[in-house]
Each structure stands twice: as C-alpha cells, then as structure tokens.
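Written out below as structure tokens is the structure these notes cover.
The values are calculated or read from the model by the stated rules, or taken from the named source; none is laboratory data. Remember, it's a predicted structure, so these values are computed and weren't measured experimentally. Virtual Cβ from ideal backbone geometry, glycine too; neighbours counted across all protein chains shown.
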Amino acid sequence: MRVSSWFATLALLATTVLAVEVSPVTDEDIVEEVVLDGEGKLEVVATFPESNPFGHVVNGERNQLFLDIVNKSPKNVTLLTVAGAFHDPRDDKLIKATNNMTYGIYLVEGAKIRLPYTFHSEYKTGDIKLNLFLEHLTDGEKQRIPIYESILTVVEPEFSIFDFKLITTYAVVAGLLGSLGYIAYLSFAPAAVKKP
C-alpha cells in the first residue's frame, strides 16, 4: 500500500508541475505595422519562442524567431525571403549579415501565417542590434520592407558537466582513439612466442 501511495503522490506532483501555464511575453517593441501602399497594410509581429522569454541570442546554438504575418491588404502578397543583419548598437556599423530564408508563400488578403526564422550567432557577448527585412511580391512589384529592429543581448551557452552533447562527444572521441590504439597495438606489437 505504501508503494502505490508513493507513486500516486509522485504522479500528482508531476502533473502539477506540467500543468503550469506560461503566458507568452509580449513586448510593444517587437510589433511593427508596415504600409505596403496607401490602401493596405502587412502586419508583422516578431517574437522569440517560450523557451527564450528574454530574447537572448545564444552563441553556438540555433536561435529562432517566429514571424506572425497578417495580410491586411486587399491585394494578394507572395512572401519571398526574410533576411537580416547584425549591427553595432552604438554606431549602427554592419557586423555581419544573417542567413536568408526563402519561403515563396502565397498569402491571400486577410490571411494569417506564422513563419520561423532561424539564425546562428558567433559574436562577443554583450548588446547587438538585429535588423530583419521581408521581401515580398505584390502585383508583380518586388518590395523589401523592414520588419524587426531591436537591440538583443548575446550570451554564452550555459556550461554543465552533465551536458549530454559534451558527454557523448567525449565518449565518441574516446571510443575512436581507443579503437585506433588497439589496432595500432595489434599491428605493431610483437606477437607473444609460445614455448614448447
């Protein structure tokens, strides 16, 4: 009876922890409306995923932004690419361009879509400015519009001796070196001579 009550308590605790609902953080800085022409709008909201609520850019890892795009224009729009660039926040000097993500998605009037935008970072820790641009096609005319501009914080990934990637990397390297050492031993060490 004690074991079953212990499992019931553990299950209740696990469901309580998993039942916590985290509301997404919305920031007024990340919402921008972009005017396509005099009569319509394309609204783009850029947010970081819930796993990164503070919007930190982590060096050496894949960083992701979600772009929620609403076509408030009476015209149909084709979303071609999203590109970006990192700038120095003090003097707005270009540091490096990020990758271009090609979508080629046809967006009818009034439609909403959520697109991921991923980029990698290998910069010094501190503040950095990220600018994103959306290139779209409206009535055969290509336009490039700014959709996101914010100063972000670049951080190093957390270090732990229990990091799964680190442990598996060391295990694979140790296995390869051990195998090569064993093959070298069998190849170059003299065989033991048996005495009659």
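Considering every residue within segment 129-146, establish whether at least one is part of a strand (DSSP E or B), in contact with an Asp or Glu (Cβ under 9 Å, 6 or more places away or on another chain), without any contact (Cβ under 8 Å) to a residue 60 or more places away in the chain and under 20 Å from Arg90 (Cβ atoms).
Checked against the condition, which is being part of a strand (DSSP E or B), in contact with an Asp or Glu (Cβ under 9 Å, 6 or more places away or on another chain), without any contact (Cβ under 8 Å) to a residue 60 or more places away in the chain and under 20 Å from Arg90 (Cβ atoms), segment 129-146 yields at least one hit.
There is at least one residue in segment 36-53 that is modelled with pLDDT under 85, closer than 15 Å to Thr153 by Cβ and within 21 Å of the chain's Cα centre (by Cα). Scan segment 149-180 for residues that are assigned to a helix (DSSP H, G or I) and loosely packed, with under 10 Cβ neighbours inside 10 Å and jot them down. Residues satisfying the conditions are Phe164, Lys165.
The set of residues in segment 73-95 being basic (Lys, Arg) and in contact (Cβ under 8 Å) with a residue 24 or more places away in the chain consists of Lys75 alone.
Of everything in segment 82-94 that's loosely packed, with under 15 Cβ neighbours inside 10 Å and in contact with a strand residue (DSSP E or B) (Cβ under 8 Å, 6 or more places away or on another chain), which residue is nearest to Pro146 (Cα to Cα)?
Within segment 82-94, the first condition is being loosely packed, with under 15 Cβ neighbours inside 10 Å, and the residues that meet it are 85, 88, 90-94.
Narrowing the set further to residues that are in contact with a strand residue (DSSP E or B) (Cβ under 8 Å, 6 or more places away or on another chain) leaves 85, 88, 92-94.
Details: Ala85: 11, Asp88: 17, Asp92: 15, Lys93: 17, Leu94: 16 Å.
Applying the filter and picking the extreme gives Ala85.
For segment 127-143, the tally of residues that are within 21 Å of the chain's Cα centre (by Cα) and either more than 25 Å from Thr47 (Cβ to Cβ) or of a type outside the set (D, E, K, R) (or both) stands at 6. Glu122 meets all of the listed conditions (1) modelled with pLDDT under 90; (2) assigned by TED's automatic domain parsing to the domain that holds Val70; (3) surrounded by 12 or more Cβ atoms within 10 Å (Cβ to Cβ) but one, namely (3). Within segment 131-169, the only residue that satisfies the criterion of being over 22 Å from Leu107 (Cβ atoms) and basic (Lys, Arg) is Lys165.
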